[in-house]
Amino acid sequence: MALLWRPSPNFGPRRNGARPDLIVLHYTAMPLAGALDRLCDPAAEVSAHYLIARDGRVYHLVDEAERAWHAGAGCWGAVGDVNSRSIGIELDNRGDEPFAAPLMAALEALLGGVMARRAVPPERVIGHSDMAPGRKGDPGRRFDWRRLARSGLSVWPGPGSAAPDPAAFRAAALRFGYGADWPMDAVLDAFRQRFRPWATGPLSPGDMGAMLDLARRFPVDRGGAAF
């Protein structure tokens, strides 16, 4: 696919010889021109490897070999320095609107290439909200995770339900990848943003069944380096 090179100065080396094995999706929450300017502004100290415009144009901002500054504080499984272990992709969207069809098509093409090059499995394509519940909410409830899963570019829980059990839910969330120290309400909200965006109220049988299924089929890899 054609890429538009718009180099950002905001990057550094991946720490401890890390190689990317995660992909983190974000939304810009601002107009495209402003987002590009911010991601390329040395004073802002933020960046991503790619930004996809709503018309499908793909901007390449930081080389994949380098550590872009997109994730911030958070973790996924044992990985605490997410920036060193991930590729960051920004999506041109306010956060409260559907994601444009050309953008989604370009994202699918870009993801397919990155996942093949970096041997990233579908369960390691996550949202910013997954690795930083309570602090970040992107790519948000309007993002079509199920579409990505149907194309083998992410994961989706199977149908099912189970009796709500907060302790068992939290244990399953930990096994899937959510951090051990995060509050239950933050984890439940992050999980719902991605997998059950219509859900509200206390932990439900649907929440419980979905999380148990994800933990069973896609346990996070805790055998690798934990930095």
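The values are calculated or read from the model by the stated rules, or taken from the named source; none is laboratory data. If you're wondering where the values come from, they're calculated on a predicted model, not measured in any experiment. A quick note on method: Cβ atoms are made from the backbone with ideal geometry, for glycine too, and the neighbour counts reach across all protein chains shown. In case anyone asks, the SASA skips ligands and DNA or RNA and just uses the protein heavy atoms, side chains included. Shrake-Rupley method; radii C 1.70, N 1.55, O 1.52, S 1.80 Å.
Descriptive notes on the structure:
- The mean sequence distance of close C-alpha pairs (under 8 Å, at least 6 residues apart), as a share of the length of segment 86-185, puts its relative contact order at 26 percent.
- The simple Förster model, with R0 at 22 Å and r as the Cβ-Cβ distance, assigns Met30 and Arg141 a FRET efficiency of 0.75.
- Whole-percent carbon and sulfur share, accessible surface of the chain, 1.4 Å: 55 percent
- Peptides ranked, highest mean first, by Cβ atoms within 10 Å: ranges 125-131, 140-146, 156-162: 125-131, 140-146, 156-162
- Residue with peak Gaussian network fluctuation, the chain [Cα springs, cutoff 10 Å], from Ser86, Ser154, Ser204: Ser204
- Report summary: the helix-based calculation at 222 nm, which adds -39500 (n - 2.57) for every DSSP H run with n ≥ 4 and divides by the residues of the chain, gives -9500 deg cm²/dmol.
- Based on protein heavy atoms only, the chain ends up with 43 Å² per residue of surface accessible to a 1.4 Å probe.
- Spherically averaged projected area of segment 68-153 from its Cα convex hull (nm²): 5.7 nm²
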